[in-house]
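Working notes, beginning with the structure itself.
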Amino acid sequence: MKQHIVKGLLVFCVSLSIMLVSGCSKLNSGDEDSVKDSSTVFSESIAESEAESNSESDSEDLDVETMDFIKYNIYVEMNNYMIRVLDNINSYYTVVEDSSEFALIPDSGYTYKYDISPLDSSIVDDAVTVASMEPTFEVLDDLAQKIAEPMKILMDTFSEIYSCYDFADNQYARAKELHVPIQENVAAFEELAYAFMDEISNISDERVSASEQKMLDEGQLIAYNASHMITVANRILDECYKQGIDDANITELDLTNIRPLYEELTETVAAFHEATSDSDQLMKESLSSSTPLYGLPDSLVQSVEWMIKQVESQVPIQDPGREYLGGIIHIEQELSECIDQYNAVFAE
């Protein structure tokens, strides 16, 4: 069976100075209604902006800054949904053979539909809509249009699997039907998805770097350190993904590049606490609480520390598909919560 490695799970889920739903991996996938929220917001933003524009002049377009804001956020959200599709693919092929003919993997220990989440494919329509609009995102515009068909087919098929309860009838007749579109679109989707994620990672890195520099220039030390701790944690996860490491093979992780990042994370969190202990700094940044992120920064540091100790112990994780203290999934969970709280406190 081919390896369906989910890489870069949280690297691209952050747009630190604008409000996003973190929605990383399966951590916040929820049910289909909750999945619809962010893409619906984006669709409504476009509709409202276009309505306002048309009310002023039929030929007047959205201003470049507004369109850049909308388009970038849609592409970030598109990326996050790609990750969910990759999660579903990974779950699907944990139970089903990777072959043209449908067959369950003998003694997999799981049942059909294992860990499959429903996905609202309207985000794909949003991405295709903005792909032809200015400003141009060249590579992403092209990839968004190319990936639209296989991505939408996979999302709709997985949603159908999630809601299907008669899949085992007539010797898995319905499951066999649903296997065809998955098998036909997985390879094309994965190739385009990884290219899309790599490109938006580069764009996101540039934007986050510029945003953090602006925070420093303006003396926003609390916001900066809150942002930078997320940036550093993302780099730690990115290093894990680059090595092809997940919780199933975590003992193989080379800690050479992880250790200095862990030290940077620890120092950043310490600087965050120092800044939040200064009442003048809190007032400067219009914060009423000295614990705007609660205990999440310390939990994030601890999750990385536990992972390092897990690797050093050379004890494998017994159930790598579940959240485990010392595992990468646990870091993802802690980081996702930090992102949500950051957005709630600092996003404009």
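Each peptide in 320-327, 132-139, 144-151, 304-311 receives the mean, over its residues, of other Cβ atoms within 10 Å, and ordering these scores from highest gives 144-151, 304-311, 320-327, 132-139.
Can you sort 124, 345 from fewest to most other Cβ atoms within 10 Å of each residue's own Cβ?
On the way: 124 24, 345 16.
Starting with the residue having the fewest Cβ neighbours, the order is 345, 124.
Remark on residue 96: its backbone amide H falls under 5 Å from those of 105, a criterion applied only to residues 5 or more positions apart or on other chains, H modelled at 1.01 Å from N.
Sorted by average packing, counted as other Cβ atoms within 10 angstrom per residue and highest first, what order do 221-228, 290-297 take? If you can, show how the numbers build up before the last one.
Working: 221-228: 23.8, 290-297: 17.8.
Final packing ranking: 221-228, 290-297.
In order along region 148-156, the phi-based Karplus estimate (6.51 cos²θ - 1.76 cosθ + 1.60, θ = phi - 60°) of 3J(HN,Hα) comes to 3, 5, x, 5, 5, 4, 5, 4, 5 Hz; Gly and Pro are listed as x. Our estimate of slack between residue 66 and residue 142, defined as 0.36 nm per intervening residue step minus the Cα-Cα distance, is 25.3 nm.
The label-point distance for residue 305 and residue 108, in a model that sets each label 7 Å from Cα toward Cβ, rounds to 3.9 nm. Annotation: the residues 303, 108, 117, 288, sorted from fewest to most other C-beta atoms within 10 Å of their own C-beta, follow the order 288, 108, 117, 303.
Near residue 137, no amide H atom lies under 5 Å from its own; only residues 5 or more places off or on other chains count, and H is placed 1.01 Å from N. Couplings 3J(HN,Hα) of region 253-270, computed from phi: 5, 7, 8, 3, 8, 6, 4, x, 5, 4, 4, 5, 4, 4, 5, 5, 5, 4 Hz, in residue order, whole Hz [Karplus 6.51 cos²θ - 1.76 cosθ + 1.60, θ = phi - 60°; x for Gly and Pro]. The calculated pair-distance distribution of region 308-348 uses every alpha carbon pair, bins of 5 angstrom beginning at 0, and gives 6, 22, 21, 17, 12, 10, 8, 5, 1 percent. Derived scalar couplings between HN and Hα for region 328-344 equal 5, 4, 5, 4, 4, 5, 5, 5, 4, 5, 5, 4, 4, 5, 4, 4, 5 Hz in order, rounded to whole Hz, by the Karplus curve 6.51 cos²θ - 1.76 cosθ + 1.60 (θ = phi - 60°), x for Gly and Pro.
The numbers here are math on the coordinates, done by the rules we state, and not lab data. On a predicted model such as this, the values are computed, not experimentally measured, just so you know. Heads up, the Cβs are rebuilt from the backbone with ideal geometry, glycines too, and the neighbour counts pull from every protein chain shown.
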